[in-house]
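Notes for the one structure printed next.
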């Protein structure tokens, strides 16, 4: 796909502390994007009910009002599409999915929920769009309201991605009850942060080569606020932009020490410090201090591009606008699926044949039996590759095991809804058809994605039947549709002229009912054999 004219797009990051929006002009000819507008609203969506963990009505209402303003700004600037993602607050809340449904119902805005690993990957893309890594290792730290992401990369594939449930809002709500903070609470908070960070920092360090000295890059409002305070104190002015500004661990330790002696009102009087940021800055500063201490890194450099810009970069990569240093990301979905297949010892030869048949059925029935596009085609391919991964756990009910392995495997490049769709397609490659009483099917909150599962799982069932013996007995399939008879003839070309493909034909007979009931027609398999070749 080639896009030649400029495009205006909007990216929205629905975080635990704030809702961030950027509106950008994409110039495909360069390729590059320019930020033409930005909006930030501290809505504290992560202020959840202590008893239930649910998002509160007040927090959801604040978020809805903020998202409505973002929509209005986006529309006024002529943006053609809004790409919205939600992170830890919505991921963890029992009513997170209900909130997303409410946003869609009231505002007509679809927000994609992403996993912690996918959030880290897109932060990495955002940082790469603003900083040249020069093939040298960089650690990126993003401190949000509900989670902290740590990423190691050198400008190519990320070597390590992690998301840890420590954030400035979360820790303040759960560990800080005195103002100023008492010594006992401060020590408990510091110990908890260090305990939570030890494992991800150790795991990241295993991906460093001997002698490598990574540079530390910091993103997010917390780290930018710390940089702003540092610059005002040491330079007398705040650089515009802050992008590229650095400060040291020693200076950070001094700031943290001052914050712990001040109450919230005193911190809010610091030049440039908002009341809302003053409440959580101590926990945020302490997270960063522990990160720098554990990695033994003395200096951090600010990058003002992060998740929202990463959402834009991901869109550009998907639409084949970036072919240089980010080119590898265009295949992130496929490589993530194949890596998962390898992890669960999938018979890849069989799965690739199933995928070939599933996509052939998809392509030949597109516009006739269904109207799905390339996005849904990719989900069908992923489900076909992984449909049998449940065998890794047990042969019995392996389709259900496949669902759970896919659903909780943190596939990269996909939203949570897309992962749920892939998992459901794999779940229904055999046995029962999709039913509302099934928990896995109910987890698809989007009616559109339920419809994807309804219509594409029958194609996957047929594809699995076509390779029943897993030996490649069927070479090609051709669909011939008869609207008068409401019949679809499936012409099968056998790889071996002597092979009657009896087991494949029997399997098609047992599997075709879901296809016939979904599309309201009769499926008629017809076996054709190659003409024998004679030599003279």
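The values are calculated or read from the model by the stated rules, or taken from the named source; none is laboratory data. Note that the structure is predicted; figures quoted are calculated from it, not measured. Glycine also receives a Cβ, built like all others from the backbone with ideal geometry; neighbour counts cover every protein chain displayed.
Just a few scattered comments:
- Conditions (1) touching a strand residue (DSSP E or B) at 6+ places or on another chain (Cβ under 7 Å); (2) farther than 19 Å from residue 11 by Cα; number of the one not met by residue 92: (1)
For (1) touching a strand residue (DSSP E or B) at 6+ places or on another chain (Cβ under 8 Å); (2) at pLDDT 95 or above; (3) under 15 Å from residue 282 (Cβ atoms), each residue gets a yes or a no:
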position	(1), (2), (3)
174	no, no, yes
180	no, yes, yes
193	no, yes, yes
196	yes, yes, no
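- Of all the criteria given as (1) at pLDDT below 90; (2) in contact with a strand residue (DSSP E or B) (Cβ under 7 Å, 6 or more places away or on another chain); (3) within 20 Å of residue 219 (Cβ to Cβ), the one not satisfied by residue 45 is (1).
- Any hit, the range 79-95, residues being buried (at least 17 other Cβ atoms within 10 Å of the Cβ), farther than 24 Å from residue 445 by Cα and at pLDDT 95 or above: yes
- So residue 84, is it in a helix (DSSP H, G or I), in contact with a strand residue (DSSP E or B) (Cβ under 8 Å, 6 or more places away or on another chain) and under 27 Å from residue 279 (Cβ atoms): no
- When we screen 42, 16, 10, 52 for residues that are touching a residue at least 24 places away in the same chain (Cβ under 8 Å) and exposed (fewer than 14 other Cβ atoms within 10 Å of the Cβ), the only hit is 52.
- Residue 370 touching a helix residue (DSSP H, G or I) at 6+ places or on another chain (Cβ under 8 Å) and either farther than 30 Å from residue 522 by Cβ or touching a residue at least 60 places away in the same chain (Cβ under 8 Å) (or both): yes
- Of all residues in the range 267-301, those satisfying the criterion of being within 16 Å of residue 227 (Cα to Cα), out of contact with any strand residue (DSSP E or B) (no Cβ under 6 Å at 6 or more places or on another chain) and not in a helix (DSSP H, G or I) are 270, 271, 272, 273, 274.
- Where helices (runs of 4 or more DSSP H) fall wholly inside the range 158-266, the ranges with 2 or more residues that are exposed (fewer than 13 other Cβ atoms within 10 Å of the Cβ) are 183-205, 249-261.
- Any chance residue 294 is in contact (Cβ under 8 Å) with a residue 40 or more places away in the chain, more than 30 Å from residue 468 (Cα to Cα), crowded, with 23+ Cβ neighbours inside 10 Å and assigned by TED's automatic domain parsing to the domain that holds residue 157: no
- Helices (runs of 4 or more DSSP H) wholly inside the range 325-409 that include at least 2 residues being in contact with a strand residue (DSSP E or B) (Cβ under 8 Å, 6 or more places away or on another chain) and under 27 Å from residue 469 (Cβ atoms): 348-365
- Qualifying residue in the range 422-429 (condition: closer than 20 Å to residue 85 by Cβ and either out of contact with any helix residue (DSSP H, G or I) (no Cβ under 6 Å at 6 or more places or on another chain) or at pLDDT 95 or above (or both)): yes
- Applying a threshold of 7 Å to beta carbon distances and a minimum spacing of six or more residues, or different chains, the list of pairs starting in the range 432-453 at a residue that is without any contact (Cβ under 8 Å) to a residue 12 or more places away in the chain and ending at one that is part of a helix (DSSP H, G or I) reads 435/441; 436/442.
- Residue in the range 21-34 that is farthest from residue 280 (Cα to Cα), counting only those that are in contact with a helix residue (DSSP H, G or I) (Cβ under 8 Å, 6 or more places away or on another chain) and in a strand (DSSP E or B): 26
- Looking at the range 431-536, the strands (runs of 3 or more DSSP E) lying wholly inside it that each contain 2 or more residues that are in contact with a helix residue (DSSP H, G or I) (Cβ under 7 Å, 6 or more places away or on another chain) sit at 474-482, 522-528.
- Residue among 18, 66 that is within 24 Å of residue 144 (Cα to Cα) and touching a helix residue (DSSP H, G or I) at 6+ places or on another chain (Cβ under 8 Å): 18
- Hits in the range 116-141 - residues which are over 24 Å from residue 322 (Cα atoms) and either at pLDDT 95 or above or not in a helix (DSSP H, G or I) (or both): 141
- Single unsatisfied condition, residue 275 versus (1) over 17 Å from residue 197 (Cβ atoms); (2) touching a helix residue (DSSP H, G or I) at 6+ places or on another chain (Cβ under 6 Å); (3) surrounded by fewer than 21 Cβ atoms within 10 Å (Cβ to Cβ); (4) at pLDDT 95 or above: (4)
- Scope the range 150-160; condition within 17 Å of residue 297 (Cα to Cα) and under 17 Å from the mean Cα position of the chain (by Cα); matching residues: 150, 151
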